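Trainee: Attaching a single structure in structure tokens format; questions to follow.
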Amino acid sequence: MILKTSSTSWKRELRETYLWSLKRNRGMMALFAALLFLAFPVLLLFGLANANIRMDPMTLEVYGVSAQYASVFGDMTGFAMTLSVPTLCALFTLLFAVQLFRYMHMKRSVDLFHSLPVRRSAMLLGRILAGLTALYIPLALNVGIASLIALCFNIENKGGQIGDLFVQMLGLMLVLAAAFLFCVLMAVCTGTTLDMVLSVIGVNIAYPILVYSSVYLVSCLLPGFNMTVNLDNTLLVALAPFVGIFLHASDAPTFFVWWAILAVFLLLSSVYLYRRRKSESAENTFAFQIPKGLIRFLITAVGGFGLGFILFWYNSSTANFLIGLLLGSLAAHVVVEAIYSRGFSRMKRSFAGYAVFLGAFIVFYGVVATGAFGYVDRIPAIEDIESVSFEDNTYYQEFGSDHFDIQGEQYENLASVKPEICQAENVEKVLEFHRSVVEFQKQAGFPFRMSQGGGIQYQIVYHLKDGSTFQREYQWSPFDTPNAEENSQRLQQLSSDIVNSEEYKTSGNLLFYLEPGDISQIEIENYDEQSDMAAKTYRLNDAQKQALLEALRQDTLDLDITNREDFSGRVACLYLRCGDENGLFQPAEGSKLKNLVGDYTGKIQVSISPYTLTENQKDLAVVQLLEEQGWTAEES
């Protein structure tokens, strides 16, 4: 880079560096723009032009063309903005960073650029601005072209669709800035372009794996902890911006706040370190040793967790995991150090860093295995609880269901209803159950041992009076103690007292929300192992609807949910049908269903589970009603 005149103006130095760097990368910009054009606008255009426009087969009337185009537009932009566009952006982010900052890793180039009358901060910031411009202009141009295509096809709600597309673009630009500045920081800290690229790739792959592995380890050790509830996307990719590029469509405010904070931090750190970077660092391994140690620690941990979990999954042995972790982490440490140091000359000194990893792991494992500072024992006080949601997946109901969903006319979810416990006596039953689970888990072994479990067996969610929630999920695992059978029976009895309570059954069961007028007809299906099933549909009058609903409600209250009915002897199945042929109906004003959907004014549809009837259930009120009314399936 040659300035026409020497200048003491920082702004002039910045502008000249920016323009020169941008000019040097215009070819790469054009290539990036062309590839984005093929990956987004061209595919979008072909998708809309070849859309399968549906029409009425009888009248040949075309169904809402604008709405169908809008659906295609949403599908195509969704694919492009979550896969093809982010992939190209991630690739060119690294390419532009290498192109703009590889001079730091060549002694002759460093001597040349640092001899120019340009401040280091202006030189670095000018190149950073050029890199971001090279990324942003092609991206914005192609999003603009895609928006014009949407206008040409006159898609439905084009303002909202295009607005959402631009919001996605802005989110992507923010994460791209963090990813590019991460590359800049690695360029400043490393001594060769190879080390820069390896460090960028290593951190962005290893960090999410380490976070996921750590959370998984906690879920294997800590009773009540479940990674599907406690693992946040922002945490998962917090230091892996290249992975974050593919998650830019997240609607969590913390996701974008974090990337803004990280981008500023990376920018300030890069400028600060570059001003202190020695020119002699070029062609060495690292200009600053701390980043090298952190990256080595990260990859060492991933190697240890990787081999440890492979051996653990073999037979669920804690000893296997620890042996695998030791061997895997040692191998990963040696490999990383050999690559960064180009040999084994510094290997002996590097084992101090490996000792730090082992110490950190021992502390982490010890804290989790002993209850994570009271996490296992922490249970809310009854006076702080507003309501409780309790699920015991040991039982599978074939006579109806204890939960249901409500959808609108366009299949949008309006509400999900599950059993909710509010009465003090039932809340106390849940607390007693919770305390017993914790006690039995400790009896099985303390400090806790690793266990793969067998899926979620118990889930407890406390809704507290301050508006927060307190959740615990316990995996199925046998209590390996002398009194294991006694403990298991105790939990079954406590659970039975909860799920068979009237409040539990009425708060989540659809039968106690329906009005007789919501039911349009029933279908009876007979089971015959020797022939095909026979079925018949009956339309009911108001009195029959009322009688049927009351019978089903009474049977639901009388049945023991925990009773393991032999459904191999089932003789019939009853299906309730609500509303029209599509299951749509208008909830009555003031009804429970209407209160659940709030201000929604359209028709709704509800998920209705069948009611299986067996040979041993002839005393049920609904069975007697069916026989009284003569509602049976036709003979096959």
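Trainee: Might you check whether a residue that is farther than 29 Å from residue 500 by Cα and touching a residue at least 40 places away in the same chain (Cβ under 8 Å) occurs anywhere in the range 612-622?
Mentor: We begin by selecting, within the range 612-622, every residue farther than 29 Å from residue 500 by Cα; these are none.
Among the residues of the range 612-622, not one is farther than 29 Å from residue 500 by Cα and touching a residue at least 40 places away in the same chain (Cβ under 8 Å), which makes the answer no.
Trainee: Out of curiosity, is residue 416 without any contact (Cβ under 8 Å) to a residue 24 or more places away in the chain and in a strand (DSSP E or B)?
Mentor: yes
Trainee: Right, next: For residues in the range 83-117 being within 18 Å of residue 273 (Cβ to Cβ) and more than 42 Å from the chain's Cα centre (by Cα), which is most open to solvent (accessible area, probe 1.4 Å)? Before the answer, list the steps.
Mentor: Let us first name the residues in the range 83-117 that are within 18 Å of residue 273 (Cβ to Cβ), namely 97, 100-105, 110, 113-114.
Still in the running and more than 42 Å from the chain's Cα centre (by Cα): 110, 113-114.
Details: 110: 1, 113: 20, 114: 52 Å².
This residue is 114.
Trainee: Residue under question is residue 387, and the condition is that it be touching a residue at least 60 places away in the same chain (Cβ under 8 Å), of a type in the set (S, T, N, Q) and open to solvent by less than 70 Å² (accessible area, probe 1.4 Å); does it hold?
Mentor: Yes: the conditions hold for residue 387.
Trainee: Now a separate question. Would you mind finding the one in 485, 502, 529 that is open to solvent by 70 Å² or more (accessible area, probe 1.4 Å) and either among the hydroxyl-bearing types (Ser, Thr, Tyr) or modelled with pLDDT of 90 or more (or both)? Reasoning before the result, please.
Mentor: Values: 485 fails: either among the hydroxyl-bearing types (Ser, Thr, Tyr) or modelled with pLDDT of 90 or more (or both); 529 fails: either among the hydroxyl-bearing types (Ser, Thr, Tyr) or modelled with pLDDT of 90 or more (or both).
Criteria check complete, one pass: 502.
Trainee: Could you tell me which numbered condition residue 327 fails, if it satisfies all but one of (1) in contact (Cβ under 8 Å) with a residue 60 or more places away in the chain; (2) farther than 30 Å from residue 283 by Cβ?
Mentor: Single failed check for residue 327: (1).
Trainee: What do you reckon, is residue 614 modelled with pLDDT under 85, open to solvent by less than 60 Å² (accessible area, probe 1.4 Å) and in contact with a Lys or Arg (Cβ under 9 Å, 6 or more places away or on another chain)? Steps first, answer last, please.
Mentor: Numbers: modelled with pLDDT under 85: yes; open to solvent by less than 60 Å² (accessible area, probe 1.4 Å): yes; in contact with a Lys or Arg (Cβ under 9 Å, 6 or more places away or on another chain): yes.
Against the criterion (modelled with pLDDT under 85, open to solvent by less than 60 Å² (accessible area, probe 1.4 Å) and in contact with a Lys or Arg (Cβ under 9 Å, 6 or more places away or on another chain)), residue 614 qualifies.
Trainee: Read through the list (1) under 27 Å from residue 235 (Cα atoms); (2) open to solvent by 20 Å² or more (accessible area, probe 1.4 Å), then give the number of the only condition that residue 292 fails.
Mentor: (2)
Trainee: What's the number of the only condition in (1) at pLDDT below 90; (2) touching a Leu at 6+ places or on another chain (Cβ under 7 Å); (3) open to solvent by 10 Å² or more (accessible area, probe 1.4 Å) that residue 64 fails to meet?
Mentor: The failed condition is (2).
Trainee: Can I ask one more? Is there a residue in the range 207-216 that is open to solvent by less than 10 Å² (accessible area, probe 1.4 Å) and either under 30 Å from residue 285 (Cα atoms) or assigned to a helix (DSSP H, G or I) (or both)? Spell out how you get there, then give the answer.
Mentor: Residues of the range 207-216 open to solvent by less than 10 Å² (accessible area, probe 1.4 Å): none.
So far as the range 207-216 goes, no, none of its residues is open to solvent by less than 10 Å² (accessible area, probe 1.4 Å) and either under 30 Å from residue 285 (Cα atoms) or assigned to a helix (DSSP H, G or I) (or both).
Trainee: What number of residues within the range 573-604 are open to solvent by 50 Å² or more (accessible area, probe 1.4 Å), closer than 30 Å to residue 526 by Cα and in a loop (DSSP other than H, G, I, E, B)?
Mentor: Adding up the residues that qualify gives 3.
Trainee: Okay, next question. For the range 347-364, check the following and say yes or no: at least one residue is open to solvent by 40 Å² or more (accessible area, probe 1.4 Å), hydroxyl-bearing (Ser, Thr, Tyr) and not in a strand (DSSP E or B).
Mentor: Kept after step one, since they are open to solvent by 40 Å² or more (accessible area, probe 1.4 Å), are these residues of the range 347-364: 348-349, 351-352, 355-356, 358, 360, 362-364.
Add one more test, that the residue is hydroxyl-bearing (Ser, Thr, Tyr), and what stays is none.
Checked the range 347-364: no residue is open to solvent by 40 Å² or more (accessible area, probe 1.4 Å), hydroxyl-bearing (Ser, Thr, Tyr) and not in a strand (DSSP E or B).
The values are calculated or read from the model by the stated rules, or taken from the named source; none is laboratory data. Computed from a predicted structure; not experimentally measured. With ideal geometry, Cβ positions are generated from the backbone for all residues, glycine too; neighbour counts draw on all protein chains shown. Heavy atoms of the whole protein, side chains included, go into the accessibility calculation; ligands, DNA and RNA do not. Shrake-Rupley method; radii C 1.70, N 1.55, O 1.52, S 1.80 Å.
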